[in-house]
1. Could you tell me whether the stretch 137-150 includes any residue that is modelled with pLDDT under 85 and closer than 26 Å to Phe211 by Cβ?
2. Select from the stretch 194-236 the residues that are assigned to a helix (DSSP H, G or I), within 25 Å of the chain's Cα centre (by Cα) and among the hydrophobic types (A, V, I, L, M, F, W, C) and list them in ascending order.
3. Looking at (1) farther than 23 Å from Arg24 by Cα; (2) at pLDDT 85 or above; (3) not in a strand (DSSP E or B), can you tell me which one Leu124 breaks?
4. Does Ser81 qualify as being closer than 30 Å to Gly298 by Cα and polar (S, T, N, Q)?
5. Please return the ranges of helices (runs of 4 or more DSSP H) entirely within the stretch 1-110 where 1 or more residues are at pLDDT 85 or above and not hydrophobic (A, V, I, L, M, F, W, C).
6. Taking Ala191 and the conditions (1) crowded, with 21+ Cβ neighbours inside 10 Å; (2) at pLDDT below 95, which numbered condition does it fall short on, given that it satisfies the others?
7. Could you list, in sequence order, all residues of the stretch 327-347 that are touching a residue at least 12 places away in the same chain (Cβ under 8 Å) and within 19 Å of Gly186 (Cβ to Cβ)?
8. Of the conditions (1) within 29 Å of the chain's Cα centre (by Cα); (2) surrounded by 14 or more Cβ atoms within 10 Å (Cβ to Cβ); (3) within 13 Å of Ala204 (Cα to Cα), Glu241 satisfies every one except a single condition; which number is it?
Amino acid sequence: MPADPAPGDPLSPSVPLWRQIHDRFARQIEAGALAPGDPLPTTTELARQFGVTVNTVQQGLDALRKRGLIERQRGHGTFVSPKACARTLGLVFGRPALTGSDDRFYLLLSGHLGRQARQRGWELRTYLPLDDGDHDRVASEIRLDAERGRLRGLAYISEGPAMDRWLAAQAPVPVAPMHTAFDYAGLVRLAVARLAAGGARRIALVPPDRFHLEGCRSAFAEALATAGAGDAGELPACNREADGLALGARLAALPADQRPQALVVCNDNAARGLIAALLVAGVAIPRDLRLATHANRGLPVFPGLAVTRLEFDPAQAADAILDALLARIAGDQPAPPLLTATLVPGDTG
């Protein structure tokens with residue numbers, strides 16, 4: 001294997017100069033030619049050796065610092081970081097992810113993430129629970145692990161945007177959020193097509209949270225037109241069992257000819273409560289009302305009932321998070337993938 005070019009070897013005009021400086025040092029660090037604690041020449045020396053400006057060198061070194069490969073010690077210089085060879089990834093949990101309505105999904109997701117990380121040669125360390133009173137403690141743990149060379153990157157699982165801001169300010173290593181693009185619009189299209197194919201002509205939408213609302217509305221209208229089905233209206237957005245219970249009681253109180261023939265439910269927690277309320281009120285599923293709902297693979301929707309499901313796979317989401325984190329550790333900024341739903345036919349739709 002040929003030796004990596006050394007400072008002083010000419011840079012290629014076809015690749016940004018700062019990127020070539022970054023890549024040369026990154027390869028040497030990852031190959032072990034530069035070990036944790038080894039010093040780098042000053043920016044002035046590197047500029048002279050590479051034949052570029054100090055600003056160009058600084059840009060390449062900044063990219064190495066963002067990846068956690070080097071660190072600057074004020075008054076002493078720049079050194080290969082102790083965490084450059086770390087094989088541990090951190091997983092930060094927000095408290096709402098452990099106690100909220102989607103806690104089962106997040107726990108299943110974290111289990112997949114740990115297994116898949118180990119399959120790729122990484123260990124996973126969990127930091128939890130993170131709430132307002134725990135920020136300083138968790139930040140201290142993360143910084144200490146990074147300083148000791150134990151931690152190489154962080155993924156996090158949370159139900160809110162506050163973690164984005166907090167980790168962006170605190171994390172000393174590359175970070176990947178849980179944000180993956182779940183294709184709820186595609187889910188709605190599949191559900192409408194399934195229900196319409198079974199004879200439903202008055203279909204209502206029970207949308208998810210506001211982040212997916214507009215996409216679901218547009219997909220619902222398009223799918224109804226494609227299937228030749230009628231719009232029975234949009235019902236209140238539901239994300240919790242309690243919301244579903246209330247909606248189910250409201251629907252059950254309507255005369256049969258005023259109820260939709262079928263429902264597209266975009267949240268499995270809401271579907272659980274909705275089905276329970278309808279059955280308790282004597283509404284037969286699917287004879288009186290059919291439905292298809294979002295679900296997460298590996299988790300039941302309603303005990304003893306084969307619900308028609310549009311499944312997202314937690315293992316696929318875990319892969320997407322891990323891919324994003326490893327790409328950021330490698331210095332890339334990948335776009336989130338679009339995770340598609342799979343139709344699993346059942347007795348309700």
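The values are calculated or read from the model by the stated rules, or taken from the named source; none is laboratory data. Quick caveat: nothing in here was measured; it's all calculated off a predicted structure. Note: ideal-geometry Cβ built from the backbone for every residue, glycine included; neighbour counts use all protein chains shown.
1. yes
2. Listed by number, the residues that qualify are Phe211, Leu213, Cys216, Ala219, Phe220.
3. Leu124 satisfies all of (1) farther than 23 Å from Arg24 by Cα; (2) at pLDDT 85 or above; (3) not in a strand (DSSP E or B) except (3).
4. In short, no.
5. Values: elements: 17-31, 43-50, 54-66, 95-99.
Counting at least 1 such residues, we get 17-31, 43-50, 54-66.
6. Condition (2) is where Ala191 drops out.
7. Scanning the stretch 327-347 gives Pro336, Pro337, Leu338, Leu339, Thr340, Ala341, Thr342, Leu343, Val344, Pro345, Gly346.
8. (3)
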